[in-house]
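The values are calculated or read from the model by the stated rules, or taken from the named source; none is laboratory data. Keep in mind it's a predicted model, so treat the numbers as computed, not measured. Heads up, the Cβs are rebuilt from the backbone with ideal geometry, glycines too, and the neighbour counts pull from every protein chain shown. All accessible areas refer to the heavy atoms of the entire protein, side chains included, with ligands and DNA or RNA removed. Shrake-Rupley method; radii C 1.70, N 1.55, O 1.52, S 1.80 Å.
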Amino acid sequence: MLKWSIIFDNLPFLLAGAWTTLSLTVVSMIFATVAGLLVGLMNMFGGRVIGAITRVYIEAVRGTPALLLILIVYYALPRIGLNLPMFPAAAVSLAVCYAAYIAEVFRSAVESIPKGQSEAAFSLGMNQAQALRHVILPQTFRRVLPPLANEFAALIKDTSLVAFISMEDLLFKAKIIGARTYNVFSPYIGAAIIYLIMTTPVMQWSRNLEKKVE
Amino acid sequence: MAGDMMMSQGKLLVVDDVHKSFGSLEVIKGVSFDMDCKERLVLMGPSGSGKSTLVRCINWIEPPSAGRITFDGKLVESGKYDIRRLREDIGMVFQQFNVFPHLTALQNVALGPLVVKKTTRKEAEAEAMELLAKVGLAHRADYKPGQMSGGEQQRVAIARALAMHPKLMLFDEPTSSIDVELIHEVLDVMVKLADEGMTMIVVTHEMGFAKEVADRVIFMDQGLIIESGSPSRVFEHPQQERTLSFLSKVLLA
């Protein structure tokens, strides 16, 4: 049975979880974006060997569940001496996972720039790096924002996977309340509402950006 | 051999038996010609004759599959450094303009010197402003390409190429994507450049321009040079059937 009082009485507790969710999202997203850009560029311009290595990484990550990656980093890596505290472990796993998706976002954005643009840059005597930095990447910036915002919204939801390693994010807090009050319905509905409050503006922002780019 | 060396002395550009294939399709089948400083060459021919590809081979935007290109006395080799230097010395104007849409006209023109020649921003922008004035676009300095007509964009592209102080300018069908009533804006700028002594190779079907400006017209078909000579000779007394049939089509168009 849905009891609003349970949600309101435990609101600070839930919001503390939401704060964990949000900070984990932001930290992971920053690392994923930087890494994704680098991986994407290496994939496109790194030559045959680096191109193949990054391709394997991208496909491997896209083909396995994010949860598996979190479990590997938090539970399996310590067995070989790589011990990460909970928050960094969660952030690293999510960043490694999302960097692969974001690399593809950057790749398709760069490929959408007409070939004449790099030809014009080369015809002025620029090398590959100069052409990328001054001509290609500035033009991709507007095109990557909408899909990046989408990834951000997806990441907000995917951080809930860290409940599996008992990290006290929004979902885990809701679970705790459920166990304490013997009412699972109310805290989960409360968590859903808070997730929506976080994701909806981001998705709306992405849609607006898309319209602007067109 | 010694004779060859003598011949290429003083030549700005020597194209020697250049071939270019895309996969199994050979687009250029052994083209040779040379040109002096200040010479103006017009390249004509039906579409698919390889004239654009030939021009793109000269600054290595399309690396030739075989043959030798000597520019300014130096054999161009596929080592990266040489190609980059070569491109600094050869300006290129494209059919689709290829101006940089995220930059203003002024920034478009200043970018090459800033990035490649490491000129100071102040100097680069001052010269860019002069070049924009030269192509009649001083009043568009702060406009972005999206706010300009095709003729204006192409003139920005010409100014952008000139900013590198090239020894040779390549024009690859510079007026083919421009509204008919604006073509003269671009041609006027090109005539002005020719009058100032710029060495240029122009791929175009503009007969009037060729007659007024060209020292030599080269006519290509199916990847080969089939005829070349002064505009009056090629236009009025073509030796080849294919030249004649092409010219009659262009004149009717």
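Worth a mention:
- Gyration tensor verdict on chain B (Cα atoms; rounded if a/c is under 1.5, prolate if a/b is larger than b/c, oblate otherwise): oblate
- Cα centroid of the range A:181-206 to Cα centroid of the range B:183-212, whole Å: 66
- Bridge type composition, the protein assembly as shown - antiparallel percent by DSSP, nearest 5: 55
- Taking all Cα pairs closer than 8 Å and separated by 6 or more residues, the relative contact order of chain A comes to 31 percent.
- For A:Phe164 and A:Gln128, the FRET efficiency from 1/(1 + (r/R0)^6), where r spans their Cβ atoms and R0 equals 41 Å, is about 0.45.
- The P(r) of the range A:117-214 has a tail past 19 Å containing 61 percent of all C-alpha pairs.
- Averaging the Cα positions of each part gives two centres, and for the range A:65-108 and the range B:32-46 these lie 60 Å apart.
- Rounded to 5, percent antiparallel among DSSP beta bridges of chain B: 55
- Only protein heavy atoms count here, probed at 1.4 Å, and on that basis chains A and B bury about 1600 Å² of accessible area in total.
- Loop-located chymotrypsin sites (Phe, Trp or Tyr not before Pro) in the range B:78-169 whose Cβ has at most 16 other Cβ within 10 Å (DSSP): B:Tyr143
- Based on Cα contacts under 8 Å between residues 6+ apart, chain B shows a relative contact order of 25 percent.
- Taking a straight Cα-Cα cut-off under 30 Å and skipping sequence neighbours fewer than 8 places away in the same chain, the lysines within cross-link reach of A:Lys3 are A:Lys157, A:Lys173, A:Lys175.
- Efficiency of FRET from Cβ geometry, B:Ser245 and A:Val34, R₀ 56 Å, rounded to 0.05: 0.40
- Here the accessible area of the range B:152-253 is 50 percent carbon and sulfur, with a 1.4 angstrom probe and all protein chains present.
- Over the C-alpha atoms of the range A:7-124, the Rg to Rh ratio, Rh being the Kirkwood estimate, stands at 1.13.
- Bridgeable aspartates and glutamates around B:Lys29 (alpha carbons under 17 Å apart, same-chain partners fewer than 8 residues away excluded): B:Asp16, B:Asp17, B:Glu62, B:Asp221, B:Glu227.
- Pairs from the list B:Lys38/B:Lys122; B:Lys20/B:Lys167; A:Lys115/B:Lys38; B:Lys11/B:Lys249; B:Lys51/B:Lys167; B:Lys20/B:Lys117 with a Cα-Cα gap above 28 Å: B:Lys38/B:Lys122; A:Lys115/B:Lys38; B:Lys11/B:Lys249; B:Lys20/B:Lys117.
- 1.4 Å probe accessible area per residue over chain A, in Å²: 52
- Accessible surface of chain A, 1.4 Å probe: 70 percent of it comes from carbon and sulfur atoms.
- Quotient of the Cα radius of gyration of the range A:4-213 and 2.2 N^0.38 Å, N being its number of residues: 1.21.
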